[in-house]
Amino acid sequence: MNKRLAYIFGTGALAISVLVGCGSQKETFKLYDVSKEIKNSTFKDQIAQVGDVVLREDGSMTVGEVVEELGKNGPILIKDESKNLITENSLIDPMSEGSCALLDEVKVNGVEKEICRLKYVNVTEDALSAYECKVVAISSPSIAWNLNSLNFFYAGNICSGLYGVKADNVWNTEECAKRLKKYPEMEAEDVEDMLRQKGTEDIRFDDQQNQYVGYVYYETPIYTMGGEDYYKVRECRVTIDADTGKVTHMSVRSSFGWAETGYIYHVQDLSCITPEIAEQLESMCVETLTSHDYDAADAAATLEGYFIDKERGSCAVLYTDRGTYEMLPFNLCRRYNGTFGIYACEPAWTDPYESFDEVIEDSDPELDSIIKLNE
């Protein structure tokens, strides 16, 4: 038996096929056990399990090394976002990023099956083989009805196939039923505690999307490119079915940004404002107040406090050198490296006030959010 037929009849490990009848194919599938490493991990661990292989997504592995590891279970193909084949001879532009899909080489009824997806970077100033680029994120197969999603585990012991679109040809399979015995459906009341236990911060509930959102930050940069340190942030989204109260979808995505200029999330917790951040806030507000267009102060103003308005969000109160009080909405944000900073402050276009208390009376504040300084 030649090598090609050997793969078709049994050595491909992620999703394998047998020939039936007159050339049609019937998919067979091997369900892998989750590793101890994944079981004991949290969202902060930069690993993922694909089939029976645990891979690192912290920049320590190259695309070629991932291909080599997964290739031990059967032949695979790599394609870019335009479905073009990627080989060792494919060159990636200097100081650039890209993404690709890894697929089973053996098709089922002419359909390619994704195994996983990679995000990679070329941090050098020269064109580089795609196989030499650093892998900085690994995500599940994008096609929700692909059985391979049952063999993909995110750090934190999340099986992606159980929290995607519940397509019949995955959800109504024996393999899915086996997974559900060890990974029962999650209830809405358990989500916030689960996210916190797995290392997620800035957890909030999005009423419009009916989903929980949380973020994972890392203290050290994942790569340096063009003299700038880039940090990785995981965004975890958990969608709740409003009728049943069960989790219907969970996604773990990664984004990348600079430490000082990249902001990932607007924070609604004013207790995060340190004296240094308060100084930054005062400086930005004074710049706005003294601007030609706004003209609410001559040269200076003092930060008197801040609060969260139910309509405007975070608001600062300042006493100006004209003897008036001004209110300015602002955005307190979390940077990619996990630190906090003021992203922007905006004119409120309100009339001047005579006191801090008058500002509060004219607003609709969350009462437990009011912080008055210099008392």
Residue that is least open to solvent (accessible area, probe 1.4 Å), among those in the range 106-124 that are touching a Phe, Trp or Tyr at 6+ places or on another chain (Cβ under 7 Å) and in a loop (DSSP other than H, G, I, E, B): VAL106
Any strands (runs of 3 or more DSSP E) falling wholly within the range 221-288 and containing at least 3 residues that are of a type in the set (Ser, Thr, Tyr) and more than 20 Å from the chain's Cα centre (by Cα): none
Selected residue (only one of LEU102, LEU55 is under 22 Å from ALA155 (Cα atoms), open to solvent by less than 20 Å² (accessible area, probe 1.4 Å) and either assigned to a loop (DSSP other than H, G, I, E, B) or in contact (Cβ under 8 Å) with a residue 60 or more places away in the chain (or both)): LEU55
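Results for (1) of a type in the set (Val, Ile, Thr); (2) part of a strand (DSSP E or B); (3) touching a helix residue (DSSP H, G or I) at 6+ places or on another chain (Cβ under 6 Å); (4) surrounded by 15 or more Cβ atoms within 10 Å (Cβ to Cβ), shown as yes or no for each residue.
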{"site": "VAL317", "(1), (2), (3), (4)": "yes, yes, yes, yes"}
{"site": "LEU328", "(1), (2), (3), (4)": "no, yes, yes, yes"}
{"site": "ASN331", "(1), (2), (3), (4)": "no, yes, no, yes"}
{"site": "ALA348", "(1), (2), (3), (4)": "no, no, no, yes"}
Close pairs (9 angstrom Cβ cut-off, 6 or more residues apart or separate chains): among the charged types (D, E, K, R) in the range 126-141, surrounded by 20 or more Cβ atoms within 10 Å (Cβ to Cβ) and in a helix (DSSP H, G or I) anywhere: GLU132/VAL63; LYS134/VAL63
Candidate set from the range 198-232 (those that are surrounded by fewer than 12 Cβ atoms within 10 Å (Cβ to Cβ) and touching a residue at least 40 places away in the same chain (Cβ under 8 Å)); member that is farthest from ILE138 (Cα to Cα): GLY226
Number of the condition not met by ALA299 [criteria: (1) open to solvent by 20 Å² or more (accessible area, probe 1.4 Å); (2) of a type in the set (A, V, I, L, M); (3) in contact with a strand residue (DSSP E or B) (Cβ under 6 Å, 6 or more places away or on another chain); (4) farther than 27 Å from GLY214 by Cβ]: (3)
Helices (runs of 4 or more DSSP H) completely within the range 125-197 that count 3 or more residues being crowded, with 16+ Cβ neighbours inside 10 Å: 188-197
Checklist (1) touching a residue at least 60 places away in the same chain (Cβ under 8 Å); (2) touching a strand residue (DSSP E or B) at 6+ places or on another chain (Cβ under 7 Å); (3) under 20 Å from HIS266 (Cα atoms) applied to LYS372, failing item: (3)
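The values are calculated or read from the model by the stated rules, or taken from the named source; none is laboratory data. No experiment lies behind these values; they were computed from the predicted model shown. Using ideal geometry, Cβ is built from the backbone for each residue, glycine included, and neighbour counts are taken over all protein chains shown. Heads up: the accessible areas ignore ligands, DNA and RNA and are worked out on the full protein's heavy atoms, side chains in. Shrake-Rupley method; radii C 1.70, N 1.55, O 1.52, S 1.80 Å.
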